[in-house]
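Some notes on the structure that comes next.
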Amino acid sequence: MSEAKPAQPPVAPRRDHPRTHHGDTVNDAYAWLIDPEDDDVLDYLRAENEYTESRTGHLSELRKAIFGEIKDRTRETDLSVPVRDKGWWYYSRTEEGKQYGIHCRVAAEGDTPPNVEPGVAIPGEQVLLDGNELAEGHDFFAIGVFDVSPDGNLLAFAVNYSGDERYTLQFKDLRTGEVSGDRIDGVYYGGAWSADGSVFFYTTVDDSWRPYRIWRHVLGESEDALVYQEDDRRFGVGVGLTRSERYLFIEAGSKITTEIRYLDAADPTGEFTLFGNGREQGVEVQIDHQGDRFLVLHNKDAENFTLGWAPVEDTTRFHEILPHDPAVRLEAVEAFEHHAVISLRREGLSRIAILDSGEGGELTEIEFDEPLYTTGVGDNRDYSTRLLRLGYASMVTPVSIYDYDIDARELHLRKRTPVLGDFDPSRYRQYREWATAADGTRVPISIVARDDVRPDGSAPCLLFGYGSYEMSMDPYFSIPRLSLLDRGAVFALAHVRGGGEMGRQWYEQGKLLHKKNTFTDYVDCANHLVEAGWAAPDRLAARGGSAGGLLMGAVANLAPERFAAVLAEVPFVDTLNTILDPDMPLTITEWEEWGNPLESSEVYEYMKSYSPYENVASVRYPSILAVTSLNDTRVGFHEPAKWIANLRHTSPESDVLLKTEMEAGHGGRSGRYDAWEEEAFNLAWVLDRLGAADR
């Protein structure tokens, strides 16, 4: 871990900013670090970037090496498996040296997708959108809407150049290649076409970045009609089209409640109809259309959800198909003409099952050979197909695209992401182990290492965690991760409570006034890895981002002696102040996840007891690298900036760094080569802090 003599760290001035809630007055001395247009704030962020570079400059060669390894293992000129949609095969491709994907299609001839080699010209190819052309001259580029009309003639697309996730919507005539003069700013993700392609529905956000309005745009007209507005600030809205393309639907959802409206897609100027009995607090609903009915997934009196159906003519009449099973979490239903696809979770693993049409139809689960994996339904646009496109990966098997023949019950591999060079999956092994939490709960851990690494207490280890919003961190494959594994490091995933890995109860036990279970589970997983020999006590690093960044800040306070390093990406570490401010992006919609400290003194005291910023202490912290982006809308850059400033003030002997991307959003830099450079920076820092930089 040798390095050049560093410059002195920046010192953010402390300014009086008293805050009082429930009789508790505190001084938020770094509250001023919130304005992205304030010169003092920008100067401070730049000074932190310069300091971070001075402290990590000695890793430049290692960063170059890791970037080269990622690049050399990646097929830079490649294409996705084509997807059939009526008379076309749709796919995207990449070209060596170019940052962004190119979206294309080719006319379909027969039922077999075109079989072409990457880099070979595809006869009759039509380029729908070239991200590289659109991104030219910009430091950041992202696509938020990409939707071809049902007749295949028009493309709705929306782009963003700052990272703040507010997009400009435009329309392209795919017959002529012309982009129309219709241009709509401030659009959110998603959208839906009417059946005839004359109308496009889209979503906009309010000042707190909550999607709350659905608009109807008639192509060629300058005035758009407001179709729906959600006034309950706990709820966000979205609009979509059923796979059958028969119905448009508007979904209004909070963290725990869903309400749906639907409309015949052939009547886009009609009135949307409320589905079922409407909004019921605590009840979540998902629907898809099939024939004369809607398939309905819901959790009323069914914690892990149940599946049924309701006739189109009376959606208040519910008929059960799959009863509630406390051991199986039903996550999604997707309807096809003669079957339905169920995404579910059992024994901590994601699974896919096929349900034959008809009440009481046979449920067939797709089987895979590996004991540890993740799978999910892929892009399936053909309503009448009997082939199911799905994705699969494990910690040792690269992402694989399959078509599952429903009638023959056979999997057909269409593509496995190539890993170039000397990659051999047999050189790596994955393991599932279980940590025991203080309350006796068994917490799963997924582990991967080179096959010659033994649990003898000598290996450095990187432990990743998240644990919020019922989002599951399933075992996955990563090309950049090979740069860690090949240097003898172990990688582990802690499937802590607050995620969804073990069903809805797993989530409930890690939210609101049970949130601390997320943090203690993670520390218990870290302790298990050391006790089991997968990690050296002084060479264990923690990594997490966003809500997982809250986890990083919390465990750094909870068990600073356990970790040698903490990598916190876009970390939600000013948790209490953010949730106290209803004008901050997303705050009100988050109250059902964290609690409302404005109304409850119990919630206030509980959140204050774990919020990382409030609990910085004068102890020796592990080395900390906080990575953020200036234009992040989800977790403001001020959160890690305040946290690092407070750490440096309260614990001046600790090694803490802040790195801010000045032209990016929540997901970091947008181009693939830029993203590889960012990951190389992070991995080099981790390896250095774990004493493995020279391996």
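The values are calculated or read from the model by the stated rules, or taken from the named source; none is laboratory data. Computed from a predicted structure; not experimentally measured. All Cβ positions, even for glycine, are placed from backbone atoms using ideal geometry, and neighbour counts span all protein chains on display.
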Legend entry - Close pairs (8 angstrom Cβ cut-off, 6 or more residues apart or separate chains): in contact (Cβ under 8 Å) with a residue 12 or more places away in the chain in region 111-124, among the small types (Gly, Ala, Ser) anywhere: GLY124/ALA107
Inset, instruction - State whether the residues of region 606-620 include one that is charged (D, E, K, R), more than 19 Å from ILE34 (Cβ to Cβ) and out of contact with any Phe, Trp or Tyr (no Cβ under 9 Å at 6 or more places or on another chain). - result: yes
Inset, instruction - Considering only region 257-285, state which residues are outside any strand (DSSP E or B), within 30 Å of the chain's Cα centre (by Cα) and either acidic (Asp, Glu) or not assigned by TED's automatic domain parsing to the domain that holds TRP215 (or both). - result: GLU280, GLU284
Inset, instruction - Output the number of residues of region 486-499 satisfying the condition of being assigned to a loop (DSSP other than H, G, I, E, B) and surrounded by fewer than 24 Cβ atoms within 10 Å (Cβ to Cβ). - result: 3
Legend entry - From ALA195, ALA156, residue being under 25 Å from ASP288 (Cα atoms) and either without any contact (Cβ under 8 Å) to a residue 24 or more places away in the chain or not in a strand (DSSP E or B) (or both): ALA195
Inset, instruction - May I ask you to list the residues in region 606-656 that are charged (D, E, K, R), over 14 Å from THR578 (Cβ atoms) and in a helix (DSSP H, G or I)? - result: ARG648
Inset, instruction - Being within 21 Å of VAL603 (Cβ to Cβ) and of a type in the set (D, E, K, R) is the filter here, so list the residues in region 469-511 that pass it. - result: GLU470, ARG497, GLU508, LYS511
Inset, instruction - Return yes or no: is ARG175 outside the structural domain of GLU125 (by TED's automatic domain parsing) and under 16 Å from PRO150 (Cβ atoms)? - result: yes
Legend entry - Restricting region 645-666 to residues that are over 21 Å from GLU50 (Cβ atoms) and touching a strand residue (DSSP E or B) at 6+ places or on another chain (Cβ under 8 Å), the residue that is surrounded by the most Cβ atoms within 10 Å (Cβ to Cβ): GLY665
Legend entry - Hits in region 220-248 (condition: more than 15 Å from GLU284 (Cα to Cα) and of a type in the set (Phe, Trp, Tyr)): TYR228, TYR247
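From the list ASP288, ASP314, which one is modelled with pLDDT of 95 or more and part of a loop (DSSP other than H, G, I, E, B)?
Of the residues listed, the single one that is modelled with pLDDT of 95 or more and part of a loop (DSSP other than H, G, I, E, B) is ASP314.
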Inset, instruction - Could you tell me whether PRO36 is in a loop (DSSP other than H, G, I, E, B) and touching a Leu at 6+ places or on another chain (Cβ under 7 Å)? - result: yes
Legend entry - Residue in region 668-685 that is buried (at least 19 other Cβ atoms within 10 Å of the Cβ), closer than 27 Å to ASP35 by Cα and of a type in the set (Ser, Thr, Tyr) present: yes
Inset, instruction - Pull up region 423-468, narrow it to residues that are touching a residue at least 60 places away in the same chain (Cβ under 8 Å) and among the hydroxyl-bearing types (Ser, Thr, Tyr), then point me to the one that is farthest from ILE624 (Cα to Cα). - result: THR441
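Residue by residue, here is whether (1) assigned to a loop (DSSP other than H, G, I, E, B); (2) at pLDDT 95 or above; (3) surrounded by fewer than 16 Cβ atoms within 10 Å (Cβ to Cβ) holds:
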residue: ALA121; (1), (2), (3): yes, no, yes
residue: GLY124; (1), (2), (3): yes, no, yes
residue: VAL127; (1), (2), (3): no, yes, yes
residue: GLU133; (1), (2), (3): no, yes, yes
residue: ASP139; (1), (2), (3): yes, no, no
residue: PRO150; (1), (2), (3): yes, yes, no
residue: GLY163; (1), (2), (3): yes, no, no
Legend entry - Single match in GLU508, GLU593 (criterion: outside the structural domain of SER446 (by TED's automatic domain parsing) and acidic (Asp, Glu)): GLU593
Inset, instruction - Return only the number of the condition from (1) in a helix (DSSP H, G or I); (2) at pLDDT below 95 that TRP506 does not satisfy. - result: (2)
Inset, instruction - Report, by residue number, each residue of region 86-119 that is in a loop (DSSP other than H, G, I, E, B), surrounded by fewer than 19 Cβ atoms within 10 Å (Cβ to Cβ) and not charged (D, E, K, R). - result: GLY87, GLY97, GLN99, ALA108, GLY110, THR112, PRO113, PRO114, ASN115, VAL116, PRO118, GLY119
Legend entry - Residue that is more than 15 Å from THR52 (Cβ to Cβ) and buried (at least 21 other Cβ atoms within 10 Å of the Cβ), where the choices are LYS608, LYS642: LYS642
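Count, please, the residues in region 43-71 that happen to be of a type in the set (A, V, I, L, M) and more than 17 Å from TRP676 (Cα to Cα). It would help to see each step written out before you state the result.
In the first step, residues of region 43-71 are kept if they are of a type in the set (A, V, I, L, M); the result is 45, 47, 59, 62, 65-66, 70.
Restricting the remaining residues to those that are more than 17 Å from TRP676 (Cα to Cα) gives 45, 47.
Residues meeting the conditions: 2.
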